[in-house]
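> Okay, here's the structure, questions in a sec.
Values in this text are rule-based calculations from the coordinates and carry no lab data. Quick caveat, the model's predicted, so the values are computed rather than measured. Every residue, glycine among them, receives a Cβ derived from its backbone with ideal geometry; neighbour counts consider all protein chains shown.
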Amino acid sequence: MTDVNIKTQSRRRGQIQFLFGLTLLGLLLLLWAILAFATPNFWSTNNISNLLRQGSMTAILAIGQTFVIITGGIDLSVGAIVGFTSVVAAMLLEAGFPIWAACLITLGIGVAIGLFHGFGIVRLGLPPFIITLATLTSLRGIGLLMTNGATISITNDTFTAFSRADFLGVPSLFWMVILVGVPSYVFLHHSRWGRYLFSVGSNAEAARLSGVNVRRMIYLAYTLSALCASFVGLLLAARIGIGNATQAEGWELQAIASSVIGGTSLFGAVGSIHGPLLGAFILATINNGANLLNVNSFWQRIITGVLIIVIVYFDQLRRRGRS
């Protein structure tokens, strides 16, 4: 596999993902149109703001998860990282650290967790499922030990006011999606590092023989995933005004579902940035619509599960067609 072949495959993947992204956008707009007719409250300013806030944090988690899944891995720890880093941020702020220092330290802890995952996979030979599952359970326990099972309130009004603020009529949390999404798109689709991630997911041995540092790419993917999760931990702490190790339980499944619905293949080597973003807001729309229509919230899980089964099934058909 030469660098020219990697670039050619990258362009082909980009075209396919662009068309798939248009399909997802059409589905999202269709859901919005249906809900607009079904309930007059859907297009209210408050509801749209809530919808954007609901989907924003899942969307950022899905971006980080996508980097990992493209390499053929999985990160089950992102929800626990969110809860743990919310505790870290709350403790630092209550200890008198300035906001910028608390944020940098919290993000640094996220990077350290991602590097630990890379070390476990690359150096210790542990499966991604195992190392990230171990981190999931461990971080929940560490967070509870640090707080004695209690919740830490955040009294820094400047920090918490950010999540409720708007800029140009758009919630600040949604602008954070843009802040993360744009450089992530450039990185994944317009840099050699992004092409290398795809090549690792396609065939790690062939990528190694072509000169790609496979180990470094694995470190990079899991570090980016944990960094996104720690950033979401900061956003969640700002939104709810507390640090709690049990927060964001199950969010790792939401992130994986958003990424898969967005066209990321669980078999690796296929994915985009815009797809998981749309997938996250499709799930948020389903949840929001169910609440407005007083539909049992359990239906959201059923619909999400069905969507995953259908998309993975068609992904398998696509792979068989190529083989």
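> I want to verify the translational diffusion coefficient of the stretch 151-255 in µm²/s; compute it with Stokes-Einstein, Rh as the Kirkwood radius over Cα pairs, at 37 °C and 0.692 mPa s. Working shown, then result.
Details: Rh = 16.2 Å.
Rounded, D is 202 µm²/s.
> Whole-Hz ³J(HN,Hα) for each residue in the stretch 245-259, computed from phi via Karplus 6.51 cos²θ - 1.76 cosθ + 1.60 with θ = phi - 60°, x for glycine and proline: what do you get?
Each residue's phi maps through the Karplus curve to give 5, 8, 5, 6, 5, x, 5, 4, 6, 5, 5, 5, 4, 4, 5 Hz.
> Check LEU126: other-chain or 5+ apart residues with amide H under 5 Å from its amide H, H built from backbone geometry?
ILE121
> Another question, then. How many percent of all Cα-Cα pairs in the stretch 188-249 sit more than 15 Å apart? All intermediate terms of the calculation are to be shown ahead of the outcome.
Values: 1133 of 1891 pairs.
Tail of the P(r) past 15 Å holds 60 percent of the pairs.
> Same structure, new question: Quick one: what are the phi-derived ³J(HN,Hα) couplings along the stretch 114-122, Karplus 6.51/-1.76/1.60 with θ = phi - 60°, whole Hz, x for glycine and proline?
x, 5, 4, 4, x, 4, x, 7, 7
> Residue-wise, which Karplus ³J(HN,Hα) couplings in Hz belong to the stretch 162-174, taking 6.51 cos²θ - 1.76 cosθ + 1.60, θ = phi - 60°, and x for glycine or proline?
Values, residue by residue: 4, 5, 9, 7, 10, 9, 6, x, 10, x, 4, 4, 5 Hz.
> Got a sec? How would ASP315, ASP75, ASP166, ASP157 order by Cβ neighbour count within 10 Å, fewest to most?
Numbers: ASP315 17, ASP75 33, ASP166 13, ASP157 9.
The order, fewest Cβ neighbours first, is ASP157, ASP166, ASP315, ASP75.
> Then there's this: Specify the residue with the greatest mean-square fluctuation among LEU197, LEU139, LEU126, computed from a Gaussian network of the chain linking alpha-carbon atoms under 10 Å apart.
LEU126
> When N is the residue count of the stretch 141-190, what does its C-alpha Rg come to as a fraction of 2.2 N^0.38 Å? Before the final figure, lay out the partial values.
Values: Rg = 16.7 Å, N = 50, 2.2 N^0.38 = 9.7 Å.
Cα-based Rg divided by the globular estimate yields 1.71.
> Now for a separate question. What's the exposure ranking of TYR313, TYR219, going from fewest to most Cβ atoms within 10 Å? Don't jump to the answer; show the numbers that get you there.
Working: TYR313 10, TYR219 19.
Taking fewest neighbouring Cβ atoms as first place, the list is TYR313, TYR219.
> Okay, next question. Can you compute the radius of gyration and Dmax for the stretch 17-125, using only the Cα atoms, both in Å?
19.1, 56
> Then there's this: What residues have an amide H closer than 5 Å to that of ILE242, excluding those fewer than 5 places away on the same chain, when H is modeled at 1.01 Å from N in the peptide plane?
Amide H to amide H, under 5 Å and 5 or more residues apart or across chains, ILE242 pairs with ILE154.
> Over the Cα atoms of the stretch 75-146, what is the Rg over Rh ratio if Rh follows Kirkwood?
Numbers: Rg = 13.1 Å, Rh = 12.7 Å.
Radius of gyration relative to Kirkwood radius: 1.03.
> With a bin width of 5 angstrom, please list the P(r) values of the stretch 63-110 as percents of all Cα-Cα pairs, from the 0 bin to the one holding the largest distance.
With 5 Å bins starting at 0, P(r) equals 5, 21, 23, 17, 13, 10, 7, 3, 0.
> Continuing with the same structure: When MET91, MET57, MET217 are ordered from fewest to most other Cβ atoms inside 10 Å of their Cβ, what list results? Could the numbers behind the result be given before it?
Working: MET91 17, MET57 28, MET217 25.
Lowest count first: MET91, MET217, MET57.
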